[in-house]
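Enquirer: Structure in structure tokens, see below.
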Amino acid sequence: FTKTTGCDSLPSNALNVAINPLPQITVNSPIVCGRDSATLTVTGAADTYTWSPITAMFPTTGAVVKVAPTATTAYTVTARFTATGCQNTATGTVTVRTKPAITATFANPTTCGATGSITLRGLAASTSYTLNYAGNGVPITPVARTSSTTGTIEISSLTAGNYTNINVTLNGCVSNSLGPITLINPNPPVLTVPVDRTVFACAETVTITFSATPTSTFSWTNSNTSIGLAASGTTSSIASFTAVNNGSTVQTATITVRATASGCTSDPKSLRINVNPRPQITVNSPIVCGRDSATLTVTGAAAPYTWS
């Protein structure tokens, strides 16, 4: 406009002013555990993107980059429209949380049928964690557990078996996984019994002794009491008994033995006792006159025969 004598003239030319826009951008702020990497993504359009800082970043330019900071770090991106020179900045923060690192010790059951435990170590003291593991391939329902003042969590009341995928979670960060850890019962005793034996029923005295390692208690059963032996016992040996068979066929008895030590019982072992029958015989009683001879005949089988 031209102004003279206080009066404005009519415009002779119009001037158009174009104001180019700034890039409208935002950046996400991810959370990572330990040395895990994070992805920073710019939302909004521009031609070029420049980041700061670029330590542990790949690539170092572009709308999407990966970073692996060792501590919580704020990243600033500058987005620019090349044609207009307009640029804008946005900041995203990568929060680094501590990833639990655990080790474990364990205690086996002290007796068969008892329980053992697994103790997790390396935790923060008096801190609530989410505990997870699988026993014999079956995952448990994750459970909240608070560590002790010395930074341990004991998983107790565990029966013998295999435990895998043992880990804890803190603030969304999952620790390393441990396992398999195998809890075992004490070994059952090693039981030794005599070999099968055959005895005669002629009042033969029989003694049977068992042995086991380590020192054990014993229990035994007898399947056939007609041989002159009780139906059961709990001694380390079968005391002397007289084998009996008053029948006409062989009598067989099966002696089944088990040994127990530290609450663990061995698999049963058996031996057989075969008791042969007495010869079932009779002899005739003839009558003779004077010095006539007589014939004595044994009825019933045996061999040999001795007379008196």
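Enquirer: Of all residues in region 92-116 being assigned to a loop (DSSP other than H, G, I, E, B) and open to solvent by less than 40 Å² (accessible area, probe 1.4 Å), which is nearest to Pro53 (Cα to Cα)?
Expert: Filtering first and then ranking leaves Pro100.
Enquirer: Something else about it: Looking at this structure, is Asp47 within 24 Å of Thr82 (Cα to Cα), modelled with pLDDT under 95 and either of a type in the set (Ser, Thr, Tyr) or open to solvent by 50 Å² or more (accessible area, probe 1.4 Å) (or both)? Walk me through how you get there before you give the answer.
Expert: Numbers: within 24 Å of Thr82 (Cα to Cα): yes; modelled with pLDDT under 95: yes; either of a type in the set (Ser, Thr, Tyr) or open to solvent by 50 Å² or more (accessible area, probe 1.4 Å) (or both): yes.
For Asp47, the condition - within 24 Å of Thr82 (Cα to Cα), modelled with pLDDT under 95 and either of a type in the set (Ser, Thr, Tyr) or open to solvent by 50 Å² or more (accessible area, probe 1.4 Å) (or both) - is met.
Enquirer: Only one of (1) free of Cβ contacts under 8 Å to residues at least 60 places away in the same chain; (2) more than 17 Å from Ile181 (Cα to Cα); (3) among the aliphatic types (A, V, I, L, M) fails for Val96. Which number is that?
Expert: (1)
Enquirer: Continuing with this model, one more query. Can you say whether Asn132 is open to solvent by less than 70 Å² (accessible area, probe 1.4 Å), in a strand (DSSP E or B), within 21 Å of Thr115 (Cα to Cα) and in contact (Cβ under 8 Å) with a residue 60 or more places away in the chain, as far as the supplied structure shows?
Expert: For Asn132, the condition - open to solvent by less than 70 Å² (accessible area, probe 1.4 Å), in a strand (DSSP E or B), within 21 Å of Thr115 (Cα to Cα) and in contact (Cβ under 8 Å) with a residue 60 or more places away in the chain - is not met.
Enquirer: In region 230-243, how many residues are of a type in the set (Val, Ile, Thr), in contact with a Ser or Thr (Cβ under 7 Å, 6 or more places away or on another chain) and not in a strand (DSSP E or B)?
Expert: So the answer is 1.
Enquirer: For region 284-308, which residues satisfy the criterion of being surrounded by 10 or more Cβ atoms within 10 Å (Cβ to Cβ) and outside any loop (DSSP other than H, G, I, E, B)?
Expert: Matches in region 284-308: Val298 only.
Enquirer: Here is a follow-up. Test Ser223 against the stated conditions and say whether it is closer than 30 Å to Ala302 by Cα, modelled with pLDDT of 95 or more and of a type in the set (Gly, Ala, Ser).
Expert: In short, yes.
Enquirer: Show the residue pairs that are 6+ apart or on different chains and have beta-carbon atoms under 9 Å apart, the first residue being within region 294-308 and over 11 Å from Pro279 (Cβ atoms), the second being modelled with pLDDT of 90 or more and β-branched (Val, Ile, Thr).
Expert: Once the first residue is over 11 Å from Pro279 (Cβ atoms) and sits in region 294-308, its partners that are modelled with pLDDT of 90 or more and β-branched (Val, Ile, Thr) give Ala294/Ile287; Ala294/Val288; Leu296/Val283; Thr297/Val283.
Enquirer: Can you confirm whether region 206-219 contains a residue that is surrounded by fewer than 14 Cβ atoms within 10 Å (Cβ to Cβ) and aromatic (Phe, Trp, Tyr)?
Expert: Looking through region 206-219, none of the residues is surrounded by fewer than 14 Cβ atoms within 10 Å (Cβ to Cβ) and aromatic (Phe, Trp, Tyr).
Enquirer: Something else now. Filter region 68-91 for residues that are part of a strand (DSSP E or B) and closer than 17 Å to Thr43 by Cα and give the result.
Expert: The answer is Ala74, Tyr75, Thr76, Val77, Thr78, Ala79, Arg80, Gln87, Asn88, Thr89, Ala90, Thr91.
Enquirer: Output yes when any residue across region 281-294 is of a type outside the set (S, T, N, Q) and within 30 Å of Pro186 (Cβ to Cβ), and no when none is.
Expert: no
Yes/no matrix, rows are residues, columns are (1) at pLDDT 95 or above; (2) over 60 Å from the mean Cα position of the chain (by Cα):
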position	(1), (2)
Ser240	no, no
Ala243	no, no
Gln251	no, no
Ile255	yes, no
Arg258	yes, no
Ser266	no, no
Ile281	no, yes
Asp292	no, yes
Trp307	no, yes
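Enquirer: Please go through region 62-83 and pick out each residue that is under 48 Å from the mean Cα position of the chain (by Cα), hydroxyl-bearing (Ser, Thr, Tyr) and open to solvent by 70 Å² or more (accessible area, probe 1.4 Å).
Expert: Result: Thr70, Thr72.
Enquirer: Going by what's in this entry, would Val250 be described as surrounded by 18 or more Cβ atoms within 10 Å (Cβ to Cβ), of a type in the set (A, V, I, L, M, F, W, C) and out of contact with any Cys (no Cβ under 8 Å at 6 or more places or on another chain)?
Expert: So Val250 fails the test.
Enquirer: Report, by residue number, each residue of region 182-223 that is among the hydrophobic types (A, V, I, L, M, F, W, C), touching a Ser or Thr at 6+ places or on another chain (Cβ under 6 Å) and either closer than 27 Å to Pro279 by Cβ or assigned to a strand (DSSP E or B) (or both).
Expert: Val190, Leu191, Ala203, Phe218
Enquirer: Still on this model: Would you point out the residue of region 139-181, among those that are hydroxyl-bearing (Ser, Thr, Tyr) and in contact with a Pro (Cβ under 6 Å, 6 or more places away or on another chain), that is surrounded by the most Cβ atoms within 10 Å (Cβ to Cβ)?
Expert: Among those that are hydroxyl-bearing (Ser, Thr, Tyr) and in contact with a Pro (Cβ under 6 Å, 6 or more places away or on another chain), it is Ser175.
Enquirer: Being open to solvent by 30 Å² or more (accessible area, probe 1.4 Å), within 27 Å of Ala160 (Cα to Cα), in contact (Cβ under 8 Å) with a residue 24 or more places away in the chain and touching a strand residue (DSSP E or B) at 6+ places or on another chain (Cβ under 6 Å) is the filter here; which residues of region 257-283 pass it? If you could, list the steps in order and put the result at the bottom.
Expert: Taking region 257-283 and keeping what is open to solvent by 30 Å² or more (accessible area, probe 1.4 Å), we get 258, 260, 262-263, 265, 267-270, 272, 274, 276-283.
This time we only want the ones that are within 27 Å of Ala160 (Cα to Cα), so: 258, 260, 262-263, 265, 267-269.
Next cut, in contact (Cβ under 8 Å) with a residue 24 or more places away in the chain only: 258, 260, 262-263, 265, 267, 269.
Within region 257-283, Arg258, Thr260, Thr265, Lys269 qualify.
The values are calculated or read from the model by the stated rules, or taken from the named source; none is laboratory data. Everything numeric in this text was worked out from a predicted model, so none of it was measured. Positions of Cβ are backbone-derived with ideal geometry, glycine not excepted, and every protein chain shown enters the neighbour counts. Accessible surface is based on the protein model in full, side chains and every heavy atom, while ligands, DNA and RNA are left aside. Shrake-Rupley method; radii C 1.70, N 1.55, O 1.52, S 1.80 Å.
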